Amino acid sequence: MSALDIIGVRKTYGEIETLKGIDIALESGEFLVLLGSSGCGKSTLLNIIAGLAEASGGDVRIGGRSVLAAHPKDRDIAMVFQSYALYPNLSVHRNIGFGLEMRKVPAAERDRAVREVAKLLQIEALLDRKPSQLSGGQRQRVAIGRALVRKPQVFLFDEPLSNLDAKLRMEMRTELKRLHQMLKTTMVYVTHDQIEAMTLATRIAVMRDGRIEQLGTPEEIYNRPATLYVATFVGAPPMNLLDTVADGGRLVLGDNAALPLPQAWKDRVRDGRRLVLGIRPEALQLDAAAGPAISATVEVVELTGPELVVSASIGRQRIMACLPPRSRIAAGQRLTFAVEEDAMHLFDAESGLRIA
Amino acid sequence: MERRSLAFSVFIHMAALLLAAVILAPLVWLFVMSISPAADLSAKPLRWWPQTVDFSRYALLLSTVANSAGAAFTASLRNSLLVSGMATAAAIALAIPAGWAVSRTPTVGWSLSLVIATYMLPPVALAVPLYMGLSALGLLNTVFGLALVYLTILAPFTTWLMKSGFDTIPREIESAAMIDGAGLWQTLRIITLPLAAPVMATSALFAFLLAWDEFFYALLFTSDQRAKTLTVAIADLAGGRVSDYGLIATAGVLAALPPVLIGFLMQRALISGLTSGGVKG
């Protein structure tokens with residue numbers, strides 16, 4: 001049974017359409033990440049699911065029941081806000097138990113539930129404190145605890161980790177994943193961080209300008225991006241995009257650089273068609289035997305630790321490659337990169353759509 | 001703190017002392033006048049410090065013998081407390097829902113601007129219509145009538161103050177409470193109002209002071225001990241052929257005490273920063 005159905009949801013503010021028809025169906029226990037840059041409508045969509053904003057059209061169903069007319073408290077959801085939104089005047093214990101208190105759960109039962117959640121999140125020692133006496137990470141845990149304690153059907157997260165520093169963010173990310181594996185509750189998570197999306201999601205919806213660009217598993221998003229936008233949004237450093245023109249079974253990249261057109265695309269691409277060739281930096285190899293090769297002039301070499309990021313130029317086009325850190329490469333050097341055929345992505349230059 | 005030279009520290013302290021002296025000098029002089037014998041106050045050259053300390057005026061003003069100056073004064077003290085108290089309580093009671101509504105619904109902000117605009121009208125312009133209105137309602141020379149008039153002055157002011165107070169409370173906190181299942185009233189009572197307590201106290205204090213110090217309307221709309229407020233009563237003291245400056249000063253000292261007391265009581269509530277910690281930063 002699907003836990004959450006979003007059917008043709010639209011949202012307009014006056015003339016401006018921020019959501020242009022969103023359709024997503026989530027199975028129970030899925031972890032959906034809404035990924036996009038700011039202003040793409042992902043937070044609006046989350047607020048519509050939560051009932052904090054009204055949809056201009058379409059329907060939202062939780063557990064098969066339409067909830068658009070229901071008050072947020074009656075939707076069987078819990079939400080974790082970007083700013084945590086803890087109640088500053090109440091103790092941590094009461095913050096976590098507030099939802100149960102409002103639902104008139106007896107004090108003893110409430111206390112047991114709060115302590116259970118606190119134990120799970122390792123914040124038992126903080127229960128008597130006020131939010132102002134907590135660190136950022138601890139506040140985040142309290143905010144998650146407040147959502148957990150109610151055992152809702154769907155969890156909503158609105159960029160919950162974006163206020164934490166990098167190290168803490170990684171820890172909490174792992175923790176969230178662990179929680180999801182343990183609780184197996186349906187979760188909807190909004191973020192603009194592609195690493196969070198890739199690591200947490202069972203499915204990612206990449207959003208842009210109020211539309212879903214691609215909805216798929218992290219592997220699909222990474223390995224078969226449907227559009228140029230998705231291709232550049234996921235992955236760091238981003239996918240290399242090279243302008244190219246098909247010509248006699250070759251992809252011409254510049255004055256004297258070209259790659260053979262992979263067999264699979266031969267009958268789909270006419271000569272003279274303007275295309276964009278996408279190659280992930282990590283798909284480029286130094287081993288010339290690995291596949292078709294292109295040569296480039298190295299401009300900058302950056303060692304990040306686990307890998308060597310090489311920026312190079314092919315004629316007037318730039319290309320980045322992530323190579324093993326031991327590679328001996330210097331600026332100015334002429335290198336030959338090999339690419340496997342199935343690591344090549346081909347997009348139409350005008351529509352930006354993937355050529356299957 | 002950064003290091004400072006001794007000379008700079010001395011300068012800072014001197015400046016603070018000077019500021020305190022400038023602010024406190026009139027109050028000190030008021031008190032000195034209130035305990036000086038009448039002769040000292042009219043002596044030439046002026047005696048800055050009384051030869052004998054005389055507290056008899058305090059006894060005179062606080063006596064409750066019928067038809068005495070004391071009876072008039074204590075009646076006006078009671079009236080002032082009643083009028084200011086009622087007007088302030090009503091103004092806060094109005095300002096909480098009104099300020100909250102405007103803060104959370106920016107599209108109706110124009111209505112508050114409109115109300116604030118009426119605030120710009122000089123009291124003189126409103127005096128005649130208000131007088132006729134109160135007269136028609138039979139509220140002239142009553143504490144209720146005066147409190148009602150003061151409410152028209154205080155409510156826009158407190159609403160505006162409360163609105164800016166509510167603006168600083170993140171809406172997400174209320175959204176969270178809503179998802180947690182709290183009704184509007186519960187959200188206000190348990191979450192929003194405790195967070196708005198400092199600004200509520202500030203509004204109440206300023207509203208009370210505004211009502212306490214009001215003179216013009218009080219002079220127009222009250223005529224005897226049943227409703228006359230302190231400001232009018234003090235003016236009456238100066239109105240006769242012979243003005244006892246010492247008596248006026250004594251009345252001034254007594255009139256200043258209640259607001260000072262309230263200020264002290266509210267000091268704790270006035271400490272802001274209670275909202276820190278709920279959201280990031």
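The values are calculated or read from the model by the stated rules, or taken from the named source; none is laboratory data. Since this is a predicted model, take the numbers as computed values, not measurements. All Cβ positions, even for glycine, are placed from backbone atoms using ideal geometry, and neighbour counts span all protein chains on display.
Some points to look at:
- Checklist (1) in the same structural domain as B:Thr250 (by TED's automatic domain parsing); (2) farther than 18 Å from B:Thr158 by Cα applied to B:Met33, failing item: (1)
- Qualifying residue in segment A:281-291 (condition: touching a residue at least 60 places away in the same chain (Cβ under 8 Å) and either outside any helix (DSSP H, G or I) or under 19 Å from A:His345 (Cα atoms) (or both)): yes
- In segment A:322-356, the residues that are part of a strand (DSSP E or B), surrounded by 16 or more Cβ atoms within 10 Å (Cβ to Cβ) and either under 26 Å from the mean Cα position of the chain (by Cα) or of a type in the set (Gly, Ala, Ser) (or both): A:Cys322, A:Leu323, A:Ala338, A:Met344, A:His345, A:Leu346, A:Phe347, A:Asp348, A:Arg354
- Failed item, numbered, when A:Ser313 is tested on (1) modelled with pLDDT of 90 or more; (2) part of a loop (DSSP other than H, G, I, E, B): (2)
- Taken as a whole, the condition of being at the interface with chain B (Cβ under 9 Å from one of its Cβ atoms) and of a type in the set (A, V, I, L, M, F, W, C) applies to A:Ala50.
- Residues in segment A:118-140 that are free of Cβ contacts under 8 Å to residues at least 24 places away in the same chain and either assigned to a helix (DSSP H, G or I) or facing chain B (nearest Cβ under 9 Å) (or both): A:Lys119, A:Glu124, A:Ala125, A:Gln133, A:Gln138.
- Criterion applied to A:Gly64, A:Gly51, A:Gly8 was being surrounded by 14 or more Cβ atoms within 10 Å (Cβ to Cβ), assigned by TED's automatic domain parsing to the domain that holds A:Gln153 and either on the phi > 0 side of the Ramachandran plot or not charged (D, E, K, R) (or both), and the one residue passing it is A:Gly51.
- Filtering segment A:141-185 to residues that are within 21 Å of A:Arg110 (Cβ to Cβ), of a type in the set (Val, Ile, Thr) and more than 13 Å from every other protein chain (Cβ to nearest Cβ) leaves only A:Thr185.
- In this entry, A:Ala283 is excluded by the filter for residues that are modelled with pLDDT under 85 and closer than 16 Å to A:Ala231 by Cβ.
- Check on B:Leu270, at pLDDT below 90 and either closer than 30 Å to A:Val92 by Cβ or hydroxyl-bearing (Ser, Thr, Tyr) (or both): yes
- A single member of B:Ala72, B:Ala90, B:Ala147 is surrounded by fewer than 21 Cβ atoms within 10 Å (Cβ to Cβ) and modelled with pLDDT of 95 or more, and it is B:Ala90.
- Boolean, A:Gly58 is out of contact with any Phe, Trp or Tyr (no Cβ under 7 Å at 6 or more places or on another chain), within 22 Å of A:Thr217 (Cα to Cα), in contact (Cβ under 8 Å) with a residue 24 or more places away in the chain and in the same structural domain as A:Tyr189 (by TED's automatic domain parsing): no
- Test result for B:Asp180, away from every other protein chain (no Cβ under 11 Å) and charged (D, E, K, R): no
- Segment B:131-143: number of residues that are in a helix (DSSP H, G or I) and surrounded by fewer than 18 Cβ atoms within 10 Å (Cβ to Cβ): 6
- A:Phe98 being touching a Phe, Trp or Tyr at 6+ places or on another chain (Cβ under 7 Å), outside any helix (DSSP H, G or I) and either among the hydrophobic types (A, V, I, L, M, F, W, C) or surrounded by fewer than 18 Cβ atoms within 10 Å (Cβ to Cβ) (or both): no
- Failed item in (1) within 9 Å of chain B (Cβ to nearest Cβ); (2) touching a Leu at 6+ places or on another chain (Cβ under 7 Å), with A:Val60 passing the rest: (1)
- Among the residues of this structure, B:Gly99 counts as one that is more than 14 Å from chain A (Cβ to nearest Cβ), crowded, with 18+ Cβ neighbours inside 10 Å and either out of contact with any Gly (no Cβ under 9 Å at 6 or more places or on another chain) or more than 18 Å from B:Leu210 (Cα to Cα) (or both).
- Test: residue in segment B:164-175 that is over 15 Å from B:Val115 (Cα atoms), without any contact (Cβ under 8 Å) to a residue 40 or more places away in the chain and within 12 Å of chain A (Cβ to nearest Cβ): yes
- Single condition A:Asp158 does not satisfy, out of (1) in contact with a strand residue (DSSP E or B) (Cβ under 7 Å, 6 or more places away or on another chain); (2) surrounded by fewer than 23 Cβ atoms within 10 Å (Cβ to Cβ); (3) among the acidic types (Asp, Glu): (2)
- Any hit, segment B:187-198, residues being more than 11 Å from every other protein chain (Cβ to nearest Cβ), touching a residue at least 24 places away in the same chain (Cβ under 8 Å) and surrounded by 13 or more Cβ atoms within 10 Å (Cβ to Cβ): yes
- Extreme residue, farthest from A:Met172 (Cα to Cα), among residues of segment A:63-113 that are hydrophobic (A, V, I, L, M, F, W, C), more than 11 Å from every other protein chain (Cβ to nearest Cβ) and out of contact with any Asp or Glu (no Cβ under 7 Å at 6 or more places or on another chain): A:Ala69
- Filter pass, A:Asn223 being closer than 22 Å to A:Met320 by Cβ and surrounded by fewer than 16 Cβ atoms within 10 Å (Cβ to Cβ): yes
- The condition of being under 24 Å from A:Pro325 (Cα atoms), outside the structural domain of A:Met207 (by TED's automatic domain parsing) and either of a type outside the set (S, T, N, Q) or assigned to a loop (DSSP other than H, G, I, E, B) (or both) holds for only one of A:Gly278, A:Gly254, that being A:Gly278.
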